[in-house]
Amino acid sequence: MRVGIGYDYHRLAEGRKLFLGGVEIPFNKGLAGHSDGDVLTHALCDALLGAAGLGDLGQHFPDTDPKWKDISSLKLLAQVVEMLRAKGLRVAQVDSVILAQEPKLAPHCAQMKQMLARTLGIEPAQVNIKAKTTEGLEAIGRGEAMVAQAIVLLESHKL
Ligand code: MG
C-alpha cells in the first residue's frame, strides 16, 4: 500500500466559472488557473502522483503548454489514473478538504464525490470530501482564494 498527499491554492477571479471536484458550482467568481482551476481535483492528482512516486501535476501538465489551457481538470485526473494503472496501482481511498469562505459547498459534495469516484473508477463511498471556512481569516476568508488538500491510499495489484 502507498499513501500520497496533495495540496493546491488558487486565486479567485471575476469572470471565471467555479469548478470543484469536476462540478460547476454557481458563484460570482471562479478559480484562476491555466486549466479550469479546479483546486480539489489538482490536489487529488498531486496526491495520486505522490503515492505512485510520479512527481507532481505541474511536471506532467505544465501550465506553459497551450494543450492544457482551460481543460477540464477531470481530464487531467483521468490521465493520472491511467498512469497509475500502468504501474499496477489502484485507488483504495481518498480523503480531502476544501477551504473556502463562500459559497456553501456542503450541498455539492455528493455530486463532487460522484464525479471524482467515476473518474477514479471506484465507488463514491471510497471518496470523502469536507468543506470548511477559515472563519473570515486571511486570503481564503476574504474570498480571494481557495485551498484544497487531499490524501490517498493506493493498493498494488501485483501483491
Ligand atoms: Mg492547481
Taking every other residue with Cβ under 14 Å from the Cβ of residue 20 and scoring Lys and Arg +1, Asp and Glu -1, one gets +2
Check residue 93: other-chain or 5+ apart residues with amide H under 5 Å from its amide H, H built from backbone geometry?
153
Accessible area in square angstrom per residue, the chain, 1.4 angstrom probe
51
Once fully extended, how much extra length lies between residue 123 and residue 102, figured as 0.36 nm per residue of separation less the alpha-carbon to alpha-carbon distance?
4.8 nm
Report, to the nearest whole %, how much of the accessible area of segment 1-153 belongs to carbon and sulfur atoms, 1.4 Å probe, protein only.
51
What ranking of 64, 133, 41, 119 comes out by heavy-atom accessible area, probe 1.4 Å, highest first?
64, 133, 119, 41
Ordering 112-118, 135-141 by per-residue average of other C-beta atoms within 10 angstrom, highest first, gives 112-118, 135-141
For the chain: lysine pairs under 13 Å (alpha-carbon distance), excluding those fewer than 8 apart on one chain
6
Label-point gap, in nm, between residue 59 and residue 32 - each point 7 angstrom along Cα→Cβ
2.7
So if we plug the beta-carbon distance of residue 79 and residue 13 into 1/(1 + (r/R0)^6) with R0 = 30 Å, what FRET efficiency do we get, rounded to 0.05?
0.75
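The values are calculated or read from the model by the stated rules, or taken from the named source; none is laboratory data. Since we're looking at a predicted model, the values are computed, not measured. Because the Cβ atoms are built from the backbone with ideal geometry, glycine has one as well, and the counts that use them run over all protein chains shown. For the accessible areas, the whole protein counts, side chains as well, though only heavy atoms, and no ligand, DNA or RNA atoms are used. Shrake-Rupley method; radii C 1.70, N 1.55, O 1.52, S 1.80 Å.
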